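Single-structure report; data block below.
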Amino acid sequence: MAIYPERGVNTLSLAQHVKKVMQEVEADYPPHFTSLLRFDSSKDIMKELNKIFLRTALATLILLVFVFVVSRSWRYLGIIVLTLLANVLVSFIFFYWFDVDIHIYSMAGITVSLGMVIDSSIMMIDHYGYYRNKKVFLSIFAALLTTIGSLIVVFFLPENTQLILADFSKVIMISLSVSLAIAWFFIPVLVDRYPIRTKKVKAKRWQLRVSRFYQRMILFLRRQRWALLMVGILGFGLPVQFLPAVLKDQKGVQETEGWRGFYNRTIGGNWYQTKGKPLFEPALGGTLRLFTKNSARFGFRDPSRLSISIRASMPEGSTVAQMNAVMKSMENYVSQYDQVDMFETRVQERSASMTVTFKKEYEYSGFPLQLKQEIIYRAINAGAANWSVSGIDDQSFSNHIYSGEYYSYQILFSGYNYDKLYELASDCAARLEENRRINRTLVYSTSNDGYSSVQANNEFYIDYNQEQIAYNKWSLNDYYSFLRQQLLNMPTGRVYEKGAGKDIQLVSAQKDAFDVWHIEHDLLDINGRQMKLSELGSIEKRRTGNNIYKENQQYLLRVGFDFVGTSTLANRVLDDELTLMKNRLPVGFKAEKPTSGGWWNPANTQQYWLLFLVILVIYFMCAILFESLKQPFVIISLIPISFIGVFLTFYLFGFHFDQGGFASMILLCGIVVNAGIYFVNEYNLITKRKPDLSIVLRYVKAFNHKITPVSLTILSTVLGLIPFLLEGPKEVFWFSFAVGAMGGMLFSFVALFVYLPAFLPKN
């Protein structure tokens with residue numbers, strides 16, 4: 001019995017009510033009957049809520065301690081506390097108005113937004129306390145608007161990703177919008193009432209030396225801009241590792257003319273593929289190549305409970321009772337361990353699955369891995385079934401021998417009429433079988449990701465030779481009647497003896513002796529002629545019982561085949577067949593190569609192109625703010641430089657890059673440019689006041705004015721993410737989100753100190 005809360009119902013309250021009702025119901029159970037709570041989402045919710053409360057408290061404490069250590073002023077700290085409190089309380093009003101669901105991810109968004117809210121407060125307090133005007137508000141507005149604009153891209157992501165990030169993004173967007181109103185209306189009033197700075201502080205001698213050194217460094221960097229640009233490009237990396245080995249035309253033939261032919265003679269040539277590729281890819285790939293090198297650590301992770309998954313399958317003809325007996329043996333073995341919390345078994349006709357979970361105190365001990373190894377050892381020695389064991393770590397075990405379940409090359413067919421689609425796929429399979437290098441083909445049905453949820457069943461199929469049957473004056477009914485006589489096994493009635501009823505079964509004497517061999521080889525007397533049944537119809541064993549899969553109301557079928565030869569030749573045969581099918585398929589039917597399931601394949605990387613949409617939005621916002629088409633280019637150049645920090649973080653420490661890592665890249669697009677906006681806006685204000693100063697002196701003055709608050713905003717954002725590291729790399733989403741954002745933010749200092757002043761145009 002599964003119980004789900006309706007929309008708007010408090011899951012925690014409902015769980016308590018259900019448990020209370022079940023206690024009352026259990027009191028009326030017969031002896032030896034019981035009910036077991038298999039899954040309780042409220043426990044996981046409470047666990048995550050406790051984590052969020054702890055993270056929020058730690059993040060707030062770390063940020064406030066950081067503010068006090070830097071400012072060494074209780075008054076400054078008090079203003080930050082008041083603005084933060086006002087921001088949170090007002091934000092909750094808008095959460096209610098905009099119907100934001102309060103759950104784990106949305107509450108985590110509050111924690112993440114704390115650092116960014118404090119950023120805007122620091123910038124306004126620092127500027128208003130020094131200049132006594134609100135001119136910095138425009139840069140704060142643009143900075144927060146770019147962050148909000150970058151988060152809008154979340155609503156263009158696939159639905160499964162939106163479920164995680166939609167409310168998370170809404171919370172941050174609302175909190176940042178409220179912080180703008182706080183910065184404009186509330187902070188100036190507080191600073192006027194409780195002044196932070198009453199006089200301008202004279203620069204110290206060491207500060208002047210650092211300023212002069214930085215000025216000379218900028219002059220040097222501006223003279224070496226081309227070299228600096230190449231270092232940045234090669235540091236980020238060119239995607240040379242993704243270049244195809246050869247370019248082909250629509251017929252699958254290698255191009256020899258035009259730019260494609262030039263590509264095949266150079267990049268696709270023997271020298272580059274054998275000798276040049278190992279040299280150029282490390283030299284040109286940069287950190288992007290290092291980042292994508294270990295693709296096994298890329299992909300979506302499910303934040304589910306730690307468990308061991310055991311699967312078993314038996315050959316065709318096995319019964320449910322036999323499968324159940326095999327799983328009972330494994331259940332008895334697992335049940336002897338007190339550390340196991342629960343195991344759940346599902347048994348089907350030829351397959352079964354078992355999930356083992358552990359008590360909380362043993363989940364992250366050495367026992368789960370030890371039990372997994374012992375289960376593998378028992379599966380190896382058990383026999384009777386094919387076993388696969390996975391979970392706990394990245395290593396999995398399987399002794400399953402695939403027989404016709406996997407094919408090296410596949411063609412995906414889709415269409416709106418299943419019967420016609422099956423006919424077209426069968427014709428394709430028959431045509432492929434004419435190639436002597438193809439040793440087996442199969443028409444089968446799977447979902448679009450290529451995985452079938454059921455095992456194959458087989459049947460004997462007779463392909464009648466209509467001409468021979470007519471020539472021998474037979475009919476299909478005669479053929480079928482003859483087979484029925486040989487294989488007859490039917491009930492004919494019921495007799496009663498001494499009050500007990502017994503069924504009467506009429507069985508052919510040839511039932512157990514007559515098989516496929518007799519059909520193919522026995523001579524039979526058919527209308528006075530000695531001939532084999534195989535002359536009237538061939539019989540073969542083929543797969544049956546396909547599931548029916550649909551996508552966008554289209555049926556999906558695959559033709560799989562194995563090829564004896566090189567992959568180049570096999571792909572040529574595949575491309576030729578696709579070209580032929582393209583010209584023959586009716587309207588509404590399609591044949592294509594199925595996409596692979598890798599993290600970087602085109603079907604899964606469309607969301608990464610949305611990062612370019614984010615960059616485009618940021619460019620136009622900065623162009624409006626600065627009234628310039630050149631300065632925004634320098635601002636958005638900070639984004640790929642910060643991505644180098646993300647790439648290095650995941651490569652050097654070997655962390656898993658999951659959906660949280662992608663979320664950190666979206667957030668970085670909006671956050672990293674904020675510091676650049678503050679610098680460039682201050683630079684433009686100084687330009688208006690002192691247009692006669694050189695570009696370097698103007699930037700150094702802007703740098704000296706903004707380096708402290710900008711550094712504080714970056715460090716406060718990084719410090720606000722520290723609580724998300726407490727659970728370690730095993731924490732799905734939040735750990736990769738935190739380390740990705742922190743690595744990118746820290747590396748953005750390189751972009752701010754080096755690349756921004758080197759490439760900043762005059763206007």
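Where a number appears in this text, it was derived from the coordinates with a stated rule and is not lab data. All figures in this text were calculated on a predicted structure; none of them were measured in a lab. Positions of Cβ are backbone-derived with ideal geometry, glycine not excepted, and every protein chain shown enters the neighbour counts.
Residues Met173, Met107, ranked from the fewest to the most other C-beta atoms within 10 Å, line up as Met107, Met173. Nearest 0.05, what FRET efficiency do Glu6 and Tyr416 give at R0 = 51 Å with Cβ-Cβ as r? Once rounded, the FRET efficiency stands at 0.90. Along the axis of the charge dipole computed for the chain (Cβ charges of +1 for Lys and Arg, -1 for Asp and Glu, origin at the Cα centre), the listed residues Phe236, Ala384, Leu726 are led at the positive end by Phe236.
Helix 159-181 and the longest principal axis of the Cα set of the chain meet at an angle near 10°. A Förster radius of 45 Å combined with the Cβ-Cβ distance from Arg440 to Ile624 puts the calculated FRET efficiency at roughly 0.10. Sorting the segments 1-9, 713-721, 697-705 by their mean number of nearby beta carbons within 10 angstrom, highest to lowest, gives 713-721, 697-705, 1-9. Sort region 79-236 into rounded, prolate or oblate with this rule: let a ≥ b ≥ c be the square roots of the eigenvalues of the Cα gyration tensor; rounded if a/c is under 1.5, and if a/c is not under 1.5, prolate when a/b is larger than b/c, oblate otherwise. Oblate, because a/c is 1.5 or more while a/b does not exceed b/c. Only helices enter the 222 nm calculation for the chain: every DSSP H run of n ≥ 4 contributes -39,500 (n - 2.57), and dividing by all residues gives -18000 deg cm²/dmol, rounded to 500.
Could you sort 16-24, 129-137, 60-68 so that the peptide with the highest average Cβ count within 10 Å comes first and the rest follow in order?
By packing density, highest mean first, the sequence is 60-68, 129-137, 16-24.
Among the listed pairs Lys134/Lys701; Lys19/Lys359; Lys19/Lys328; Lys630/Lys690, those with a Cα-Cα distance over 23 Å are Lys19/Lys328. The phi torsions of region 642-649, fed into the Karplus equation with coefficients 6.51, -1.76 and 1.60 and a -60° offset, translate into couplings of 5, 5, 4, x, 5, 4, 5, 4 Hz, rounded to whole numbers, with Gly and Pro shown as x. The Rg/Rh ratio of region 307-398, with Rg taken over Cα atoms and Rh as the Kirkwood radius over Cα pairs, comes to 0.97. Using the Cβ-Cβ distance between Thr579 and Ser426 with R0 set to 22 Å, the FRET efficiency works out to roughly 0.70. Entry note: the chain has Rg to Rh equal to 1.08, where both radii use alpha-carbon atoms and Rh is the Kirkwood radius. Taking all Cα pairs closer than 8 Å and separated by 6 or more residues, the relative contact order of the chain comes to 18 percent. Quick check on region 502-564: take the gyration tensor over C-alpha atoms, sort the square-rooted eigenvalues as a ≥ b ≥ c, and tell me if it's rounded (a/c under 1.5), prolate or oblate. Oblate.
Here Tyr678, Tyr409 are placed in order of increasing Cβ neighbour count within 10 Å, fewest first, which gives Tyr409, Tyr678. Highest mean first, the peptides 47-58, 459-470 sorted by other C-beta atoms within 10 Å per residue fall in the order 47-58, 459-470.
Counting neighbouring beta carbons within 10 Å and listing from fewest to most, the residues Trp734, Trp474 come out as Trp474, Trp734.
The angle between the Cα long axis of helix 74-97 and the main principal axis of the chain comes to about 40°, on a 0 to 90 degree scale.
Helix 476-486 axis versus longest C-alpha principal axis of the chain: approximately 80°, rounded to the nearest ten.
Report the net charge of residues surrounding Asn465, where surrounding means a beta-carbon distance below 15 angstrom and charges are Lys +1, Arg +1, Asp -1, Glu -1.
Charge balance near Asn465 sits at -3.
Computed extension length for Thr566-Tyr480: 26.4 nm, one decimal, from 0.36 nm per residue of separation with the Cα-Cα distance subtracted.
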